[in-house]
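Every number in this text was worked out from the coordinates using simple rules, so none of it is lab data. None of the values given here were measured: they were computed from a predicted structure. Cβ sites come from the backbone with ideal geometry, for glycine too, and all protein chains shown count toward neighbours.
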Amino acid sequence: MSEPMSEQQNMTGNDGAGQGGGGQGGAGRDGAAPGGAAPSLITGTQYLKSSSIASVGAPEAFYNLPPRPHIGLRLDVNARQLSEDQPNFEVSIALQGIGYRQAPTPDQPEPEMLYKVEMIYAGLFALQNVRQDMIEALLLIEAPRQLFPSARHVLLSLIREAGFPVANIQPVDFHALLQNRRGQS
């Protein structure tokens, strides 16, 4: 299972660095595999796999910074099995954010860019007692749902440490993202 999902979001705001992640998720007893044990998604280590940020036009970009820059966000989710004989997976969220001095408009579809940030945030997950038909939902909805608060926190920290005001990034509906991808195939 190594199919990516992607979503684009545009947001304006300030503050809002989310934190969290970790823990255990599950699918409920009615999704139990044969044998009756409750299915579970076990969360292991979460980590920043790679990151980069470019301050476009620095130092001039820092003159008269807006209090709430606009950020365009692109998000992709990937899951890959680590070994064919074990139910262990790496799930990663690739985030690309572009900070603009103002939101795009029909008259100015590409406003002045302030920064571009890219990162991949990943986690290790194990599946236990899971039916085959539940694997995709657990890996492409529940696992990224657990990763996203920490990934968002790291992304906003990178932007803040680069000297830019941060925007508020809302939670992502990974279920809708998966449904959208299915509709495009």
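For a footprinting-style exposure proxy, rank ASP173, ASP85 by other Cβ within 10 Å, fewest first.
So the ranking, lowest neighbour count to highest, is ASP85, ASP173.
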Length gained, ASP133-ARG145, 0.36 nm per residue minus C-alpha separation, equals 2.4 nm
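Using DSSP to call loops (not H, G, I, E or B), can you name the GluC sites (Glu not before Pro) in the stretch 74-118 whose Cβ has at most 16 other Cβ atoms within 10 angstrom?
GLU84, GLU112
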Applying a 10 Å radius around every beta-carbon, put 61-72, 155-166 in order of their mean neighbour count, most first. 155-166, 61-72
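Quick one: pull the percentage of alpha-carbon pairs in the stretch 78-185 with a separation above 25 Å.
When all Cα pairs of the stretch 78-185 are counted, 37 percent exceed 25 Å.
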Mind checking the full-extension length gain between ASP173 and SER52? Use 0.36 nm per residue of separation minus the Cα-Cα distance, one decimal, nm. 41.0 nm
With θ set to phi - 60°, apply the Karplus curve 6.51 cos²θ - 1.76 cosθ + 1.60 along the stretch 117-134 and write out the HN-Hα couplings as whole Hz, x wherever there is a Gly or Pro. 10, 9, 7, 10, 10, 9, x, 9, 9, 10, 9, 10, 6, 10, 5, 4, 6, 9
Check which residues have an amide H placed less than 5 Å from ARG131's amide H, if you skip close sequence neighbours. ALA33
What is the Cα centroid distance between the stretch 49-87 and the stretch 130-184, reported in whole angstrom? 12 Å
In order through the stretch 72-89: 3J(HN,Hα) via Karplus (6.51 cos²θ - 1.76 cosθ + 1.60), integer Hz, x for Gly, Pro: x, 10, 10, 9, 10, 10, 10, 9, 9, 6, 7, 8, 5, 9, 9, x, 9, 9
Difference of contour (0.36 nm per residue) and Cα-Cα distance, GLN81 to LEU124: 14.5 nm
